[in-house]
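These notes concern the structure reproduced below.
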Amino acid sequence: MSRIIRCMTSDKSVMATAIDSGDIVHIMQEIHKTGPVATAALGRLLTAASMMGAMLKQDNASVTLKVNGGGPLGALVAIADSKGNCRGNIAAPQVTLPLKDNGKLDVGTAVGKDGLLLVIRDYGKGEPYMGQIALVSGEIAEDITNYFAVSEQIPTVCALGVLLDKEDHKVLLAGGLLIQALPDAADAALEALEKNVLDLPSVTTMLAQGLSIEEICRRALAGFSVEILDTYEVHYACPCTKERVERALTSLPAEELLQIAREEGKMEARCQYCGRTYQIGREELEKLAASAQKQKTEAAGPAAENK
């Protein structure tokens, strides 16, 4: 069970969010059959997305994180709703790289840093908010920290971790911590927070020590009076349905759908986030082709009248 918690200091100077994302990353690994370095990279991005999604206030809002640093993993995507439920995808899940000299997975090289971190917040109405920034390391946590500091001018500490078994490379632990200074934070509070962060072990170390996410927050905010805002379960979850797949297919040319119906008799569509497959039969393809043609005709109608 993955769980998230959001806290605020009583003086309203600091907000902290912590997550135990072990189950989320484990499910992602099973779905995408990721190798060790891909598991660590996408696991970190999913963990960050879940925490950032939980910060959104609107029920139908979502946040999308896209990273493409030019490394061998290719593009990584993580999407989370306002409850912290998330899903993700990675272009090259089976990439292998030598360990770093310290014995850790080389996520930075696998992701690369010759590219961008793109953040899209969709509030369910109006135009989505989009921000992007050049990657600084490809290690994900440093890039999230830099995004908030530079793009949104919010002093932020982001820590992310995924711990794998050395033998079978299965996920043992995963988690994250996101700490942000609020607008009214005094210099003394920021100095105290900075000292706490410098003394803080890694997230996976604290989870391995048996600390709960509440205890991790309190340790990060030592010396502050802490109020818990909320805590709840979060999941690896995908909203895909056959109806959504069919709506997406109507964007294809009607001729292409009819050709598939004639030559193959059916079509199989696989969700890139959860791996579910949907069978679309001949009659369904023909109906979708008719719908696609109708949409094309309706879209061309006003343009034809204006000629």
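Just tell me the longest site-free run in the chain, where the sites are GluC sites (Glu not before Pro) in a DSSP loop having at most 16 other beta-carbon atoms within 10 Å. All intermediate terms of the calculation are to be shown ahead of the outcome.
Numbers: sites that count: GLU152, GLU167, GLU264.
That would be 1-151.
Rounded, prolate or oblate, given the Cα gyration tensor of the chain, with a/c below 1.5 counting as rounded?
Prolate is the answer for the chain, as a/c is 1.5 or above and a/b outweighs b/c.
The stretch 170-236 to the stretch 136-163: how many Å between their Cα centroids?
15 Å
Roughly how many debye, to the nearest 20, is the charge dipole of the chain about its Cα centre, given +1 on each Lys and Arg Cβ, -1 on each Asp and Glu Cβ, and no other charges?
Using only the charged Cβ atoms, the result is roughly 560 debye.
Using the Cβ atoms and a cut-off under 10 Å, what net charge is assigned to the surroundings of TYR236, where Lys and Arg are +1 and Asp and Glu are -1?
Local charge sum for TYR236: -1.
Can you check what the net charge comes to around ASN146, using other residues whose Cβ is under 13 Å from the Cβ of ASN146 (Lys, Arg +1; Asp, Glu -1)?
-3
Could you give the size of the charge dipole of the stretch 242-298 about its Cα centre, using +1 on the Cβ of each K and R and -1 on the Cβ of each D and E, expressed in debye and rounded to the nearest 20?
Details: 11 positive and 11 negative charges, 47 e Å.
Using only the charged Cβ atoms, the result is roughly 220 debye.
Where a number appears in this text, it was derived from the coordinates with a stated rule and is not lab data. Just so it is clear, the model here is predicted, and its values are computed rather than measured. Note that each Cβ is placed from the backbone with ideal geometry, even for glycine, and that neighbours are counted across all protein chains shown.
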